[in-house]
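Structure, as structure tokens:
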Amino acid sequence: MIKRIFICIALIGLLVENSFAQERLVKKANEKYKEYSFNPAIDIYKKVLDKGYVSADLLEKLGNSYYYNADYKQAAETYKKLIEGFPADSTVGPEYYFRFGQSLKSIGKYDEANAMLVKFTELTSNDERAADFKGERDYMAEIKKNSGRYDIGNFENNSVYSDFAPTFYKEGLIFSSDRDTGNLAKYRHTWNGQDFLDLYEVNVDSVSKGNVVKVGGDINTRFHESTTAITKDGDTLYFTRNNTVAGKVKKDDKGITRLKIFLTTKVDGQWTPSRELSFNSDTYSVANPALSPDEKTLYFASDMPGTLGESDIFKVSINEDGTYGTPENLGNNINTEARETFPFVTSKSILYFSSDGHPGLGGLDVFATKIAHDDYSGTVLNVGEPVNSNMDDFTFIFNEDNRRGFYASNRDGGKGG
């Protein structure tokens, strides 16, 4: 009897020790998650799950980590475990049914996705996205009607890395890529485990195709530079960069490194030292700039106070003296409770942007709406296939004169990320 009691006590001790060890790992993973370091967070969460430790909070964060890394297959599997394993858990809110549905669409399971989105509508009464999935609107028929308007193909200057965020520049493009690893390979971004992004330019005329070079000046650093907007004369460039001070990333009080928009101008053919815009903040992100046709308004994406969802599209006036007005949210006709981002405005005042809140085929889809005369109440249309797919489609730009555009997608059939 004494032996049995001793053995039982010893086993309980081992179980308690193992539980503490798993909780320590979960705490470490949660810290990575808070920092948007999704790649290492995934590795730790998976390790803990393999040892039998599971909770609703763990599955939520693991599912989100996959979702924000566009690994929709793993996201769907994780959200399924969450919803089936914790059906009565009050922390499993409507948003997880929405993301589960979006993930299912991205892997082609549309019937299951619609079932989850219907469940999402049953669980929420004040989310404007819910109206699109109550059966009152056949959004798939609308998407089909808008499809077939574009011919698409792979850009010949793509690499095996991630290439995205094109901007028209002279006879070519400026775009963002992590293609140049070189001696900076140690600086890998822990969001997705890939190298940090720099800005490149390329001519796309018939004479000098394939001449891809890094943008000069001090624009590129060892951290992220991406999404750009440039004036018609080619002398003023807006771009997105990590929040950095003296060559080091700066984090907010939550441990998050935010994004900011910077500006540089060309003098005697050289880019001058960049400076950040006045409405940036250390406490929220400002990113993905786009200019209006008259270059008097800057559009951008942000999660600043007043944002309806995870990120919204805002506008701000550019004054004649180079100062800026007060940022304004474009409102709930364009913005939803999910992600709206990567704005672009054509010469005919058509706003293109990407969203996973408006009804789409899965992941981020490209949408369009007319915004002439500062009217943001027009119909928002999904541009349909083949531009949109069941994966992420984003950073869409379009030249109204030659009817040619560029955009990025992580669908199958590309060269890289």
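The values are calculated or read from the model by the stated rules, or taken from the named source; none is laboratory data. Since the model is a prediction, treat every value here as computed from it, not as a measurement. Glycine gets a Cβ as well: all are built from the backbone with ideal geometry, and neighbour counts include every protein chain shown. Surface areas here come from the heavy atoms of the whole protein model, side chains and all, with no ligands, DNA or RNA. Shrake-Rupley method; radii C 1.70, N 1.55, O 1.52, S 1.80 Å.
Return the residues of segment 67-80 that are assigned to a helix (DSSP H, G or I) and either buried (at least 23 other Cβ atoms within 10 Å of the Cβ) or in contact with a Gly (Cβ under 8 Å, 6 or more places away or on another chain) (or both); say none if nothing qualifies.
First, pick out the residues of segment 67-80 that are assigned to a helix (DSSP H, G or I): 67-68, 72-80.
Correct list: TYR67, TYR72, ALA75, ALA76, THR78, TYR79.
Identify all residues within segment 107-130 that are under 14 Å from PRO94 (Cα atoms), small (Gly, Ala, Ser) and surrounded by fewer than 19 Cβ atoms within 10 Å (Cβ to Cβ); write none if there are none.
ALA115, SER125
For segment 276-287, how many residues meet the condition of being open to solvent by 20 Å² or more (accessible area, probe 1.4 Å) and either aliphatic (A, V, I, L, M) or not in a loop (DSSP other than H, G, I, E, B) (or both)?
1
Pick out the one residue from ASN158, ASN126, ASN114 that is assigned to a loop (DSSP other than H, G, I, E, B), more than 21 Å from the chain's Cα centre (by Cα) and of a type outside the set (Lys, Arg).
ASN126
Condition check: touching a Lys or Arg at 6+ places or on another chain (Cβ under 8 Å), acidic (Asp, Glu) and buried (at least 23 other Cβ atoms within 10 Å of the Cβ). Does ASP356 satisfy that?
Here the answer is yes, as ASP356 does meet what is asked.
Of the numbered conditions (1) under 23 Å from the mean Cα position of the chain (by Cα); (2) open to solvent by 60 Å² or more (accessible area, probe 1.4 Å); (3) modelled with pLDDT under 60, ASN183 satisfies every one except a single condition; which is it?
(1)
Where the second residue is among the aliphatic types (A, V, I, L, M) and modelled with pLDDT under 95 and the first is within 23 Å of LEU308 (Cα to Cα) and lies in segment 275-294, which pairs have Cβ atoms under 6 Å and are six or more apart or on separate chains?
SER285/LEU259; ALA287/LEU259
Are there strands (runs of 3 or more DSSP E) fully within segment 210-249 with at least 1 residues that are open to solvent by less than 40 Å² (accessible area, probe 1.4 Å) and basic (Lys, Arg)? List them.
236-242
When the residues of segment 371-417 are narrowed to those that are among the acidic types (Asp, Glu) and open to solvent by less than 40 Å² (accessible area, probe 1.4 Å), which ends up farthest from the chain's Cα centre (by Cα)? I'd like the intermediate steps shown before the answer.
Taking segment 371-417 and keeping what is among the acidic types (Asp, Glu), we get 374-375, 385, 392-393, 400-401, 412.
Now drop any that are not open to solvent by less than 40 Å² (accessible area, probe 1.4 Å), which leaves 392-393, 400.
Values: ASP392: 9, ASP393: 10, GLU400: 26 Å.
Residue satisfying both the conditions and the ranking: GLU400.
When the residues of segment 288-330 are narrowed to those that are more than 19 Å from the chain's Cα centre (by Cα) and among the β-branched types (Val, Ile, Thr), which ends up surrounded by the fewest Cβ atoms within 10 Å (Cβ to Cβ)?
So, considering only residues that are more than 19 Å from the chain's Cα centre (by Cα) and among the β-branched types (Val, Ile, Thr), the one surrounded by the fewest Cβ atoms within 10 Å (Cβ to Cβ) is THR326.
Could you check, for segment 99-106, whether at least one of its residues is more than 18 Å from the chain's Cα centre (by Cα) and open to solvent by 10 Å² or more (accessible area, probe 1.4 Å)?
no
Tell me which residues, restricted to segment 361-401, are among the acidic types (Asp, Glu) and farther than 29 Å from LEU104 by Cα.
ASP374, ASP375, GLU400, ASP401
For GLY108, state whether it is closer than 26 Å to ASP71 by Cβ and without any contact (Cβ under 8 Å) to a residue 60 or more places away in the chain.
no
Scan segment 357-391 for residues that are of a type in the set (Asp, Glu) and modelled with pLDDT under 95 and jot them down.
Result: ASP374, single match.
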